[in-house]
1. What percent of all Cα-Cα pairs in segment B:67-212 falls into each 5 Å bin, going from 0 up to the bin containing the maximum distance?
2. Suppose every K and R has +1 on its Cβ and every D and E has -1 on its Cβ; what is the size of the dipole of segment B:100-185 about the Cα centre, in Debye to the nearest 20?
3. Rounded if a/c is under 1.5, else prolate if a/b beats b/c, else oblate: with a ≥ b ≥ c from the C-alpha gyration tensor eigenvalues square-rooted, which is segment B:293-352?
4. Any idea what the dipole of segment B:239-383 comes to, in debye rounded to 20, about its Cα centre with Lys/Arg Cβ at +1 and Asp/Glu Cβ at -1?
5. Tell me, in nm to one decimal, what length is gained between B:ALA76 and B:ASN46 on full extension, where the rule is 0.36 nm per residue of separation less the Cα-Cα distance?
6. Would you calculate the convex hull of the Cα atoms in the protein assembly as shown and tell me its volume per residue in Å³?
7. With a 1.4 Å probe and all protein chains left in place, how much of the accessible area of segment B:56-342 comes from carbon and sulfur atoms, in whole percent?
8. Quick one: angle between helix A:124-134 and the longest Cα principal axis of chain A, in degrees between 0 and 90, rounded to 10, please.
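The values are calculated or read from the model by the stated rules, or taken from the named source; none is laboratory data. Since the structure is predicted, the reported quantities are computational estimates derived from the model, not experimental observations. Every residue, glycine as well, gets a Cβ built from its backbone with ideal geometry; the counts of neighbours run over all protein chains shown. Remember, those area values only see protein heavy atoms, side chains included, never the ligands or the DNA or RNA. Shrake-Rupley method; radii C 1.70, N 1.55, O 1.52, S 1.80 Å.
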Protein chains: 2
Amino acid sequence: MNILIKGAEVLLPDMSVKPQDIMVQDDKITALGDLQENFIPDKIINAREMLAIPGLVNAHTHASMTLLRSYADDMALEDWLSQKIWPIEDAMREDDLYWGAALAAVEMIKSGTTAFADMYGPYMREVAKVVAESGLRGVLARGIVAVAPGCMEKLADSVSIYKEYHGAAEGRITVMLSPHSLYTCPPDFIEKLAAEAGKIGAEVHIHMAETITETENCLKEYGKRPFPHVEATGLFAQGTLAAHCVHLDDEDFRIIKKYNIRVAHCPGSNMKLGSGVAPVPRMLKENICVGLGTDGASSNNNLDMLEEVRLVALLHKVHDLDPLAVSAAEAIKMGTQGGAEAVGLQDVGKIAVGYKADIVLISRKNAPWHPRHNPLSQLVYSGSSNDVDTVLVNGQILMEGRRLTTLDEEKIYFEAERCVERLLRHS
Amino acid sequence: MNILIKGAEVLLPDMSVKPQDIMVQDDKITALGDLQENFIPDKIINAREMLAIPGLVNAHTHASMTLLRSYADDMALEDWLSQKIWPIEDAMREDDLYWGAALAAVEMIKSGTTAFADMYGPYMREVAKVVAESGLRGVLARGIVAVAPGCMEKLADSVSIYKEYHGAAEGRITVMLSPHSLYTCPPDFIEKLAAEAGKIGAEVHIHMAETITETENCLKEYGKRPFPHVEATGLFAQGTLAAHCVHLDDEDFRIIKKYNIRVAHCPGSNMKLGSGVAPVPRMLKENICVGLGTDGASSNNNLDMLEEVRLVALLHKVHDLDPLAVSAAEAIKMGTQGGAEAVGLQDVGKIAVGYKADIVLISRKNAPWHPRHNPLSQLVYSGSSNDVDTVLVNGQILMEGRRLTTLDEEKIYFEAERCVERLLRHS
């Protein structure tokens, strides 16, 4: 289908904002600027008073954990996991993962997220189903907790999922392998996973250096900090998406740069769990690829990527006592281009000719968008994800005028509540 | 008018959430729970699927600065003030303050704020006009920069404003006196202001201990830190609302407690300007009254109090590396009860019998409110100010179903743009 997006102010790859018409053919952006003579639109979207930005990329989440949103908050980390999260997760069935991911998909589309990197389990085929049906882009990984029984079966299943789904749903689904973390996976298992990933050419998604406790325990148990410890397993030879990366020293930076490890920075989760502040300004200075993630909805508690964009701009300013630490342009770049690169997507994350048509139109009619000084700055510091009006992924319209086109919002809320009622009875 | 709010989950003063009908007579809440026999409602608001909370209180802002929203961001503080903010403020006329405050009023009502403490100038009668017309509650102070010419005339004018407006608009307007800060007001002027305030019985609103530079310069110039320096002027003998209070030592805590100084904590502004992290958990532990403020829209860049509530809950967790540092309940309490007390309002800030009917109804229909685990936690960590559906102040409905009843939104956007066009030509 040919779509003409008319009259928007467009956030361009160099972070300038200019009025441009956008021409979409099938899954791609084929022209920007003046209407091409041979372009006959099947549909015209009037985007006057709107800002067009590349779709936001959630570089680290656990989508189905929306079912646990605000189930347990304001607790010490260990109590939270052992008394609340793990028992209820143990009771989860296929349909819980499906409806949890569907609830996540509703929330993501309505807040302008067009792609997400998901690490969860065990039933990742259910999440793949949601990606296929919703029209979103998903980078899926079954997160393996290898200290639990059956880790080799889980690894074999992960490989099967890779073979079945990598490139599926018109290329909207890609697959990674995932050792959950170094504290849930012994090094010999990470080695085995790395070998399998190497054989099939899969990239990997892992939690790294999230808390001080993780670093201290790793030093105690293995005599090394997390990055050198995992480096020795060979995991980083694959393309690596490393979530969190909060506690880093110079040697860790050296390893991240050596292997081109891409970082998913999760400011909201790091704040809520009291994990610490990742050295993002230094990462940017050293040209490390940084995307942004929400983490799961039980430690955030939403999947609002514009909130993460705002938090990354605010948190580092106050942490470094420097109002220039992370600019609005750098923040939104991490939420779009940086995220796409971090999760391994090609031709995604920019509004540019030849790129996939993953486009979000944001209404500028509400009070936080007045007066009209600087739309980029207003996007990052003032507006909200509720201003997202229209969302395209791969050239398909997933929401227009805040109405979803692929998902039945009310049914999903209903079924998600029903899943939770059952889980609470059985956990 | 008698209003019955039916079927809401209500946030009660002890921070529990319970289903309760709310009965409003004229400006007050007269009953909670079962419908009283003699209560005949003129209007019934169906609040099923909604959470009712006390109106949010913005304890420190500069409302008319909405005109400068995103006019200048991501700059060093001195450049920002001297090159951008001050020149354009110098060009401001009466109508700029009026339309700027009107834009702020639209934004505040739509995001659930029912009262605000404003410090700005010179034309505070224009802000009073907006408060009277909008139906909001305003605690107004002409902020005096005494290093500029004419400070004694400004003080006399402040006293006149107090006499004209304190208790005006059915009691919705109260007035404070305001020396802007110790770095813009020499101590002899603060002394004079304190004496005037004492004479008329006015409370005071001042910026205190916002940046390290302020503390360093105060030590250099006066040989004392900000709190002991201002204590010596006698200012704190009045009831005092002190904005920011970021950089405090034990002696400062002693002074704050001795004079019952109330703090307006502004986490969003402190983050964006890189000012530092105020010791809020310690303030709460020592029973200091803490409210929350947005500061002006040029350093935030919105007036969204639910965002401040979320930030206060997140910022201190990560700063103290403690997920229990500030709980959701403490955060929303600061945004409501704490704020009302901080800005000196009686019978405001709680949904309780005898209190003013300043009530905000929040829709729970959007994705971030599902599933239904814990509405208080979802309010603080997950939902957004766009979920605010209905707003009452003093028993008057200012918004219903997101439609404003007292203000003409489109006209205000139009006039605010027009003010800015003129200001940009003349600054």
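1. Going from the shortest bin to the longest, the percentages are 2, 9, 18, 20, 21, 17, 10, 3, 0.
2. I would put it at about 80 debye.
3. oblate
4. Result for segment B:239-383 is approximately 480 debye, rounded to the nearest 20.
5. Between B:ALA76 and B:ASN46, full extension yields an extra 5.9 nm.
6. Once divided by residue count, the hull of the protein assembly as shown is 155 Å³.
7. Roughly 52 percent, rounded to a whole number.
8. Between helix and principal axis, roughly 0 degrees.
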